[in-house]
Each structure stands twice: as C-alpha cells, then as structure tokens.
C-alpha cells in the first residue's frame with residue numbers, strides 16, 4: 001500500500017511496481033510521463049506501471065490522500081512440503 005499525501009508527489013521507481021497490478025483505492029493520482037504530460041486516475045481504476053516511461057506520481061487533491069494498493073505474485077516459486085500436498 002502506498003499513500004501520496006494531498007498536493008504531494010512521489011518519484012517513479014519501476015522496481016517498486018514490477019509485475020504488480022495497482023488499484024487506486026482512494027483519491028486521485030496523476031502519472032507524469034517522461035514528456036511531462038500527465039494522465040489522471042481515481043478510486044477504482046486499475047493500473048499497470050511496469051515498463052512505462054514515467055517520472056512521477058502526483059496527488060492533485062488539496063484535501064484527500066491518494067491510496068494505491070499494489071498486488072503482485074510472490075518472488076520465486078513456492079515449494080510445498082509433503083504435508084501440504
């Protein structure tokens with residue numbers, strides 16, 4: 001879970017979002033591309049942030065934090081013991 005405070009920005013770090021599906025759980029978020037262009041998303045929107053030419057994530061709201069929830073698969077295969085089979 002990542003929270004961006006009202007009126008604040010967060011630098012984009014691709015490693016942080018690798019292989020994750022991201023849901024805007026609350027508030028609004030703007031993604032700033034390397035060209036400076038911004039695209040907005042709000043609560044309920046589902047995003048994929050891997051492999052995009054992004055600079056930063058911005059919360060344009062002056063009142064409400066933006067809350068993003070990222071879900072990704074576990075790193076590496078899980079092994080099951082014989083008891084779990």
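What follows draws every value from the coordinates through simple rules; no lab data is involved. Note that the structure is a prediction, hence the values are computed from the model and not measured. So basically every Cβ, Gly included, is an ideal-geometry build from the backbone, and we count neighbours across all protein chains shown.
Projecting label points 7 angstrom from Cα along Cα→Cβ for residue 39 and residue 70 puts them 1.8 nm apart. One decimal place: the segment residue 21-residue 46 gains 8.3 nm when fully extended, by the rule 0.36 nm per residue minus the C-alpha distance. Look at the alpha carbon pairs under 8 Å that are at least 6 residues apart: their mean separation over the length of the chain gives a relative contact order of 43 percent. When shorter helices are ignored and each DSSP H run of at least 4 residues is given -39500 (n - 2.57), the per-residue value for the chain at 222 nm works out to -500 deg cm²/dmol. Remark: segment 2-72 is approximated by an ellipsoid whose semi-axes, taken from the C-alpha gyration tensor as √(5λ), come to 17, 15, 10 Å, largest first.
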